[in-house]
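Below is one structure, written out as structure tokens, with a few remarks after it.
The values are calculated or read from the model by the stated rules, or taken from the named source; none is laboratory data. Since the model is a prediction, treat every value here as computed from it, not as a measurement. Neighbour counts run over all protein chains shown; Cβ positions are idealised from the backbone, glycine included.
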Amino acid sequence: MGQKMLMKGNEAIAEAAIQAGCRFFFGYPITPQNQIPEYMSKRLPKVEGGCFLQAESEVAAINMVYGAAGAGGRVMTSSSSPGISLKQEGISYIVGAELPCVIVNMVRGGPGLGSIQPAQSDYYQSTRGGGHGDYRMLVLAPSSVQEAVELTQLAFDLADKYRNPVLVMGDGLIGQMMEPVEMPDYQKPADLPEKTWAATGWTPSSDRERAIINSLYIDPAVLEKHVNHLYEKYAVMERTECRWQEEMTEDADYVIVAYGTTARIARSAMRKLRAEGIRAGLIRPITLWPFPAEPIARAAEHAKAFLTVEMSMGQMVDDVRLAVEGKKPVHFFGRTGGIVPTVREIMTQVENLAKEGE
Amino acid sequence: MALLTIARETCKGCGLCADVCPRKILALSKEINSRGYHPIAVTDQSQCIGCAFCARMCPDAVIKVEK
Amino acid sequence: MAVVYEKTNILTDTPLHYCPGCTHGIIHRLVAEAIDELGIQGKTIGIAPVGCAVFAYNYFNVDMMEAAHGRAPAVATGCKRVNPKNIVFTYQGDGDLASIGAAEITHAATRGENITVIFVNNAIYGMTGGQMAPTTLPGQVTTTSPYGRDPALCGYPIRVSEMLATLDGPAYIARCSVHDVKHIMDAKKCIKKAFETQIAGKGFSMVEVLSSCPTNWGMTPREALNWLEANMIPQYPLGVKKEVE
């Protein structure tokens with residue numbers, strides 16, 4: 001680990017990406033993620049082989065990512081909710097063509113132009129694919145600037161490992177907040193496969209097949225086989241890439257499930273509830289897809305009830321309910337429109353459950 | 001004397017080569033190929049001057065010209 | 001006997017799926033011959049569009065990428081920025097390039113992106129069944145302009161080459177046709193010139209090629225080429241629109 005620095009989330013993510021070997025960035029301005037492209041525009045031209053390009057649109061940016069990834073580059077783009085919606089076409093093609101890349105979404109309030117304040121209302125879009133067709137993306141949700149740095153670097157390795165885009169999903173707070181960060185000494189995993197599939201120039205005497213970066217499979221049987229192949233990768237991800245953090249769940253009567261910024265607030269609420277004598281616990285999904293159903297199912301064996309807290313009208317709560325399988329009540333508390341829930345609000349929810357004896 | 005070799009199976013019988021042939025020695029066959037097209041054929045090879053207009057006009061690259 | 005003319009190996013042996021008499025095949029051949037003659041097969045990357053040429057990756061014997069509709073110039077940009085020594089070309093139709101991809105082509109051109117664009121203009125959407133294109137001529141009947149394109153209702157065709165030639169970024173822009181052997185030879189020279197422009201690092205090059213669509217125009221292949229010459233060339237004048245030395 002290097003020296004501790006005070007960094008804004010967005011800038012820390014950009015620097016972490018460069019440290020992880022990202023050399024290509026294509027983006028478009030949108031609040032609250034502008035410090036990522038701004039930082040990249042300053043730093044990448046100073047890095048050997050680095051290229052920052054401000055695209056004419058989100059649509060163009062994600063298609064530049066497609067081209068760069070197809071050529072074998074470590075590449076990233078970032079945006080915020082309305083911009084991520086525009087990128088969905090390209091993301092679907094990137095998945096179909098099995099290209100690795102990292103996409104950062106600093107989620108803001110919606111629908112429509114919404115607001116520029118933090119939100120978590122893109123959970124469905126992020127964890128259900130987002131664009132057209134059968135697919136998934138690995139979704140990593142940091143809850144601190146330090147974790148954003150670590151997950152961004154992990155995202156590049158996972159993208160390369162699975163040849164699938166990885167989404168780092170923050171929110172306006174993670175992007176804008178300044179926190180002390182230590183940049184890890186990034187080491188590329190030795191077992192990452194060579195990109196022998198990349199389009200880099202070919203002749204009949206080349207020692208590989210001609211590269212065709214493509215998502216079109218006009219024969220239904222062939223397309224079904226291709227989608228089955230994608231889902232075999234997703235099955236491996238579900239088995240091996242689930243990440244979460246549990247706090248005080250062993251004896252918890254009330255388990256709060258929250259991610260990202262909301263999990264930090266939920267943690268404070270949980271500790272204060274414990275001080276009041278209410279046995280609360282916290283499960284914080286770090287991967288939103290694959291979703292950590294296992295610790296939730298485990299907690300459902302002894303907990304009295306669950307409370308899912310989100311900066312949305314309730315999206316992740318569906319996955320919590322699926323994990324609990326009806327064994328215990330799953331309640332929801334959320335604020336939306338860019339409003340961040342308070343510690344007091346979360347405590348009141350749990351206190352009421354305790355009063356009702358649920 | 002020049003020689004035309006026609007890939008009968010990939011010819012789609014569009015006839016554009018026949019139109020540009022200065023000697024008018026190309027015509028569609030009566031027979032059909034495996035894809036259901038009447039492929040082009042040379043009616044009188046001895047008249048061919050090897051100008052390759054036919055090959056340059058062909059959208060399917062089915063004509064080889066030797067001289 | 002010596003070979004006067006034969007199919008270049010830069011085209012694969014896969015039979016082209018285009019309709020009989022469709023001039024896409026001629027344009028494919030010219031691009032492949034240019035790649036062959038310039039000796040750049042080993043470093044060329046082609047970007048296929050959405051439209052009739054969607055399967056171009058099956059035909060060009062080089063590394064290929066298939067782009068989303070209209071996005072080929074953005075894909076080419078990403079590809080070229082990663083490996084600037086590669087020769088990157090897009091092959092796009094008029095719906096792909098001039099309608100849904102109007103932003104991508106304009107910005108690739110104005111950036112002077114060092115890529116080559118082969119723009120096939122046949123004034124109609126072929127793959128989807130003959131709908132009106134941004135390049136459809138006034139009065140031209142298509143399946144979505146059944147009474148003829150009415151400029152009062154849906155505006156005028158776009159002259160892409162002239163429009164892009166007003167920008168400072170492009171190094172070479174030309175419009176050609178493939179309606180007869182002479183023009184095919186001219187088109188070949190322009191396509192080669194465009195690739196040479198990229199090889200020399202001069203920046204963005206584009207060749208617009210007027211092409212026919214016998215099936216959707218409802219004509220024989222010969223009638224279609226006659227119609228192209230009589231109607232399209234007056235609307236889309238041939239020639240070099242921009243050339244930076």
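In the set C:181, C:207, only one residue is aliphatic (A, V, I, L, M) and in contact (Cβ under 8 Å) with a residue 60 or more places away in the chain; that residue is C:207. Checked against the criterion of being surrounded by fewer than 20 Cβ atoms within 10 Å (Cβ to Cβ), closer than 26 Å to residue A:155 by Cα and of a type outside the set (Ser, Thr, Tyr), the range A:302-313 has no qualifying residue. Taking into account only those residues within the range C:30-63 that are over 16 Å from the mean Cα position of the chain (by Cα) and within 16 Å of residue C:13 (Cβ to Cβ), which is farthest from the other protein chains (Cβ to nearest Cβ)? Selected residue: C:36.
Annotation note: of A:104, A:145, A:181, A:149, the sole residue that is over 22 Å from residue C:76 (Cβ atoms) and under 12 Å from the mean Cα position of the chain (by Cα) is A:104.
How many residues does the range B:43-67 contain that are farther than 21 Å from residue C:26 by Cα, β-branched (Val, Ile, Thr) and in contact with a strand residue (DSSP E or B) (Cβ under 9 Å, 6 or more places away or on another chain)? Before the answer, list the steps.
So in the range B:43-67, the residues farther than 21 Å from residue C:26 by Cα come out as B:43-49, B:67.
Keeping just the survivors that are β-branched (Val, Ile, Thr) gives B:43, B:49.
The next check asks that each one be in contact with a strand residue (DSSP E or B) (Cβ under 9 Å, 6 or more places away or on another chain); those that pass are B:43.
Summing the residues that are farther than 21 Å from residue C:26 by Cα, β-branched (Val, Ile, Thr) and in contact with a strand residue (DSSP E or B) (Cβ under 9 Å, 6 or more places away or on another chain) in the range B:43-67 gives 1.
Exactly one residue among C:87, C:100, C:27 is surrounded by fewer than 19 Cβ atoms within 10 Å (Cβ to Cβ), aliphatic (A, V, I, L, M) and either within 25 Å of residue A:57 (Cα to Cα) or more than 8 Å from chain A (Cβ to nearest Cβ) (or both), and that residue is C:100. Of everything in the range A:308-356 that's hydroxyl-bearing (Ser, Thr, Tyr) and free of Cβ contacts under 8 Å to residues at least 60 places away in the same chain, which residue is farthest from residue A:279 (Cα to Cα)? It comes out as A:308.
The single condition from (1) without any contact (Cβ under 8 Å) to a residue 12 or more places away in the chain; (2) acidic (Asp, Glu); (3) closer than 18 Å to residue A:212 by Cα that residue C:66 fails is (1).
On the given criteria, is residue A:21 surrounded by fewer than 23 Cβ atoms within 10 Å (Cβ to Cβ), under 18 Å from residue A:151 (Cβ atoms) and within 14 Å of chain C (Cβ to nearest Cβ)? Even if it seems obvious, please write down each step before you answer.
Working: surrounded by fewer than 23 Cβ atoms within 10 Å (Cβ to Cβ): yes; under 18 Å from residue A:151 (Cβ atoms): yes; within 14 Å of chain C (Cβ to nearest Cβ): yes.
Yes, satisfied.
I'd like to know if the range A:101-120 contains one or more residues that are more than 18 Å from residue A:21 (Cβ to Cβ), basic (Lys, Arg), surrounded by 24 or more Cβ atoms within 10 Å (Cβ to Cβ) and away from every other protein chain (no Cβ under 13 Å). Give the steps one after another, and end with the answer.
Initial filter on the range A:101-120 (more than 18 Å from residue A:21 (Cβ to Cβ)): A:105-120.
This time we only want the ones that are basic (Lys, Arg), so: A:108.
Next, from what is left, pick out any that are surrounded by 24 or more Cβ atoms within 10 Å (Cβ to Cβ): A:108.
When the remaining residues are screened for being away from every other protein chain (no Cβ under 13 Å), the result is A:108.
Looking for residues that are more than 18 Å from residue A:21 (Cβ to Cβ), basic (Lys, Arg), surrounded by 24 or more Cβ atoms within 10 Å (Cβ to Cβ) and away from every other protein chain (no Cβ under 13 Å), one finds at least one in the range A:101-120, hence yes.
Counting residues in the range A:265-276 that are assigned to a loop (DSSP other than H, G, I, E, B) and surrounded by fewer than 17 Cβ atoms within 10 Å (Cβ to Cβ) gives one or more.
Sub-6 Å Cβ pairs linking a first residue in the range B:38-60 that is more than 10 Å from chain C (Cβ to nearest Cβ) to a second residue that is basic (Lys, Arg) and surrounded by fewer than 23 Cβ atoms within 10 Å (Cβ to Cβ), at least 6 apart or interchain, are B:39/B:8; B:47/B:23, ordered by first then second residue. Give the residues of the range C:1-44 that are of a type in the set (Gly, Ala, Ser) and outside any loop (DSSP other than H, G, I, E, B), sorted by residue number. Answer for the range C:1-44, where residues must be of a type in the set (Gly, Ala, Ser) and outside any loop (DSSP other than H, G, I, E, B): C:25, C:32, C:34, C:42. Do we have residue A:338 as assigned to a loop (DSSP other than H, G, I, E, B) and modelled with pLDDT under 95 here? Here the answer is yes, as residue A:338 does meet what is asked.
Residues are listed down the side, and each one gets a yes or a no for (1) surrounded by fewer than 17 Cβ atoms within 10 Å (Cβ to Cβ); (2) among the polar types (S, T, N, Q); (3) over 30 Å from residue A:256 (Cα atoms); (4) within 25 Å of the chain's Cα centre (by Cα):
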residue	(1), (2), (3), (4)
A:187	yes, yes, yes, yes
A:211	no, no, yes, no
A:227	yes, no, yes, yes
A:234	no, no, no, yes
A:238	yes, no, no, yes
A:243	yes, no, no, yes
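Yes/no per residue for (1) in contact (Cβ under 8 Å) with a residue 24 or more places away in the chain; (2) of a type outside the set (Gly, Ala, Ser):
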{"position": "A:239", "(1), (2)": "no, yes"}
{"position": "A:242", "(1), (2)": "yes, yes"}
{"position": "A:253", "(1), (2)": "yes, yes"}
{"position": "A:260", "(1), (2)": "yes, no"}
{"position": "A:266", "(1), (2)": "yes, no"}
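Cβ-Cβ contacts under 9 Å between residues 6 or more apart (or on different chains), taken from a first residue in the range A:39-64 that is farther than 30 Å from residue A:96 by Cβ to a second residue that is assigned to a loop (DSSP other than H, G, I, E, B), are listed as A:43/A:50; A:47/A:23; A:48/A:23.
What are the residues in the range C:103-134 that are more than 13 Å from every other protein chain (Cβ to nearest Cβ) and touching an Asp or Glu at 6+ places or on another chain (Cβ under 6 Å), if any? Correct list: C:119, C:121, C:133.
Of the residues making up the range C:166-175, none is modelled with pLDDT of 95 or more, surrounded by fewer than 19 Cβ atoms within 10 Å (Cβ to Cβ) and of a type in the set (Lys, Arg). Against the list (1) in contact (Cβ under 8 Å) with a residue 40 or more places away in the chain; (2) buried (at least 23 other Cβ atoms within 10 Å of the Cβ); (3) among the aliphatic types (A, V, I, L, M), the condition residue C:38 fails is (2).
Taking first residues from the range A:200-211 that are within 7 Å of another protein chain (Cβ to nearest Cβ) and partners that are of a type in the set (D, E, K, R) and in a loop (DSSP other than H, G, I, E, B), the Cβ contacts under 6 Å between residues at least 6 apart in sequence or on separate chains come to A:202/A:210.
Going by the structure shown, is residue A:41 under 20 Å from residue A:20 (Cβ atoms) and either crowded, with 23+ Cβ neighbours inside 10 Å or not aromatic (Phe, Trp, Tyr) (or both)? Let's see the steps before the verdict.
Working: under 20 Å from residue A:20 (Cβ atoms): yes; either crowded, with 23+ Cβ neighbours inside 10 Å or not aromatic (Phe, Trp, Tyr) (or both): yes.
It is true that residue A:41 is under 20 Å from residue A:20 (Cβ atoms) and either crowded, with 23+ Cβ neighbours inside 10 Å or not aromatic (Phe, Trp, Tyr) (or both).
Residues in the range A:288-301 that are crowded, with 20+ Cβ neighbours inside 10 Å and farther than 13 Å from residue A:257 by Cα: A:289, A:290. Of the numbered criteria (1) over 24 Å from the mean Cα position of the chain (by Cα); (2) assigned to a helix (DSSP H, G or I); (3) not polar (S, T, N, Q), the one residue A:318 fails is (1).
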